[in-house]
Amino acid sequence: MFFLYSTVGLSQTDRTVGLRLGFDVSRLSLYYFQPERKALEVSSDMEVIKNLYPTIELGWNNIKLKQDSLFNCYSNGYYVRLGVDHNFLKPENKNGREMFIGGIRYGYSFFSDYAQNIIIKDSYWGDFNGGIPKSSLSAQWLELVVGFRTELFKNLFLGWTLRGRLLLAKSKDDETGPYWIPGFGKGNTKTGIGFNYSIFYSIPLYKAKFK
């Protein structure tokens, strides 16, 4: 994940604001469980008001799907999510850095997809073999986010988030809608669920007081 800004808790009002870098390691499992799909995601956040973390997440997704010699589907694109998280967890001591977060995101994706070798078998009219040309597409959605982060070692964190998604708008090509929307999921549904499991590193920058 991209740059992710974090806060090192010194007390409930006196903190060292830092740059937290994150990478979504759950995307690496796709290489084993869904070899037709490749994806990366990075993110960044920063505590600008006590317990509030403006957040940005960037990602890339690529799909090469071959379905039983009936068609080849290709999709490639990028996405960005902008939002804010709130930490609901109070530290047990002055060095406590665990977080239980709830948040919201606005997502935007721009991508292209196309299909080749589409085969429609018909004993009467004869078999059809064609394709769908490449189209430039986009989509927008909202997400509600809950999750948890904990510090394993000094400045090194693990965390997960669960996300509910609602599609706001999507573009269509001349033939059909998108098979997959990067950052959202399947293109034939208006709702979806996402999951991230990430590793973070926090780089302290400066001290600040939050009232």
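The values are calculated or read from the model by the stated rules, or taken from the named source; none is laboratory data. Values in this document were obtained by computation on a predicted structure and should not be read as measured data. Note: ideal-geometry Cβ built from the backbone for every residue, glycine included; neighbour counts use all protein chains shown.
Do you know which of the residues in the stretch 41-68 that are within 24 Å of Trp180 (Cβ to Cβ), part of a strand (DSSP E or B) and among the charged types (D, E, K, R) is modelled with the lowest pLDDT?
Filtering the stretch 41-68 down to residues within 24 Å of Trp180 (Cβ to Cβ) leaves 41-43, 55-68.
Imposing the further condition that a residue be part of a strand (DSSP E or B) reduces the set to 41-43, 55-67.
Next cut, among the charged types (D, E, K, R) only: 41, 57, 64, 66.
Details: Glu41: 97, Glu57: 97, Lys64: 79, Lys66: 67.
Selected residue: Lys66.
Return yes when Gly183 is in a loop (DSSP other than H, G, I, E, B), modelled with pLDDT of 85 or more and within 20 Å of Thr55 (Cβ to Cβ) and no when it is not. Give the derivation first.
On the way: in a loop (DSSP other than H, G, I, E, B): yes; modelled with pLDDT of 85 or more: yes; within 20 Å of Thr55 (Cβ to Cβ): yes.
Yes.
Among Phe71, Phe33, Phe23, which is the only one that is at pLDDT 80 or above, surrounded by 15 or more Cβ atoms within 10 Å (Cβ to Cβ) and either closer than 25 Å to Leu152 by Cβ or not β-branched (Val, Ile, Thr) (or both)?
Step by step, each of Phe71, Phe33, Phe23 is checked, and only Phe23 is at pLDDT 80 or above, surrounded by 15 or more Cβ atoms within 10 Å (Cβ to Cβ) and either closer than 25 Å to Leu152 by Cβ or not β-branched (Val, Ile, Thr) (or both).
Select from the stretch 120-153 the residues that are at pLDDT 85 or above and more than 22 Å from the chain's Cα centre (by Cα) and list them in ascending order. Quick ask: steps written out before the conclusion?
Filtering the stretch 120-153 for residues at pLDDT 85 or above gives 137-153.
Scanning the stretch 120-153 gives Leu152, Phe153.
Which of the residues that make up the stretch 85-107 are modelled with pLDDT of 85 or more and surrounded by fewer than 17 Cβ atoms within 10 Å (Cβ to Cβ)? Write out each step before concluding.
Going through the stretch 85-107, the residues modelled with pLDDT of 85 or more turn out to be 85-89, 99-107.
Scanning the stretch 85-107 gives His86, Phe88, Leu89, Phe100, Gly102, Ile104, Tyr106.
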